[in-house]
Structures are given as C-alpha cells and as structure tokens.
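Encoded as structure tokens, the structure appears first; notes follow it.
Quick note: the coordinates plus some simple rules give every number you see, no bench work behind them. Keep in mind it's a predicted model, so treat the numbers as computed, not measured. Neighbour counts are summed over all protein chains in view; Cβ atoms, including those assigned to glycine, are modelled from backbone coordinates with ideal geometry.
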Amino acid sequence: QVQFVESGGGLVQPGVSLRLSCAASGISFNIATLGWYRQAPGKQRERVASITRGGSTDYAESVKGRFTISRDNAKKMVFLQMNSLKPEDAAVYYCNVVPEVARLWGQGTQVTVSS
C-alpha cells in the first residue's frame, strides 16, 4: 500500500522559514518524480515544486527562489525548505508523485503564515 505522510507545518510569522518532510512507503521511490502540492481555502490544489529521481527540480513561479525541494532516496523521504514565507503561502501542503495520483493524497500538513 502506497502512503505519503507529511509533517513539519506550523504557524509562523511572515519572513520565517519552515522545512516540510514527507515519508513515503510502498512505492518504487527511486524511480518516481515527486512533488509538493498545496491547497489554500477556496482555491484549487497546485503543485509548487517537483524533483526527478536524478535530482532535477522545477518550481512554480510564486515560490521560485524561496522554496527548495530535495529528496533522500535511501530514506524514502522528500523535503521542502520554505524561506521568506508570505501570507499567501498559507495552505495545506501535500506530497505525491508527478503527475499526482488521487488515491495517494495523504492528510497533508498545515502551514499558516500570519503576524
């Protein structure tokens, strides 16, 4: 059974950093392109970052230069370093494969950015 478990969210002030983690199980992790997605209230879920098995990355324009995605294939984990957080970054963050598979969505981790 494939499962993603996200963690690391929290309530932070604008300008602060957070590092999200995602643990994967039941998946051929090494061959998967992985992504971080987010969904804010009233908005569609969007992909903010992705990383191939070889480490090539891609980012949404809104987070480029502030967020960094990385992966540890041995530990089957993917990370999202978020710097200079803005109120508009507030959302529930999820990890999934790219392109996403609906049945693989986990609970996500809540990020709230507020002063």
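Brief remarks on what is shown
- Whole-Hz couplings from phi, Karplus 6.51/-1.76/1.60, listed for the stretch 48-62; x for Gly and Pro: 9, 7, 9, 9, 7, 5, x, x, 6, 10, 8, 9, 5, 4, 5
- About the centre of its Cα atoms, the chain shows a dipole size close to 140 debye [charges on the beta carbon of Lys, Arg (+1) and Asp, Glu (-1) only; nearest 20 debye].
- Ordering Val63, Gln1, Pro87 by the projection of their Cα atoms onto the charge dipole of the chain, which places +1 on the Cβ of Lys and Arg and -1 on the Cβ of Asp and Glu, puts Gln1 at the extreme positive end.
- Only one residue of Pro14, Val111, Ser50 has its Cα farthest out toward the positive end of the dipole of the chain, where Lys and Arg carry +1 and Asp and Glu -1 on Cβ, and that residue is Ser50.
- Summing +1 for each Lys or Arg and -1 for each Asp or Glu among the other residues whose beta-carbon sits under 12 angstrom from that of Gly26 gives +2.
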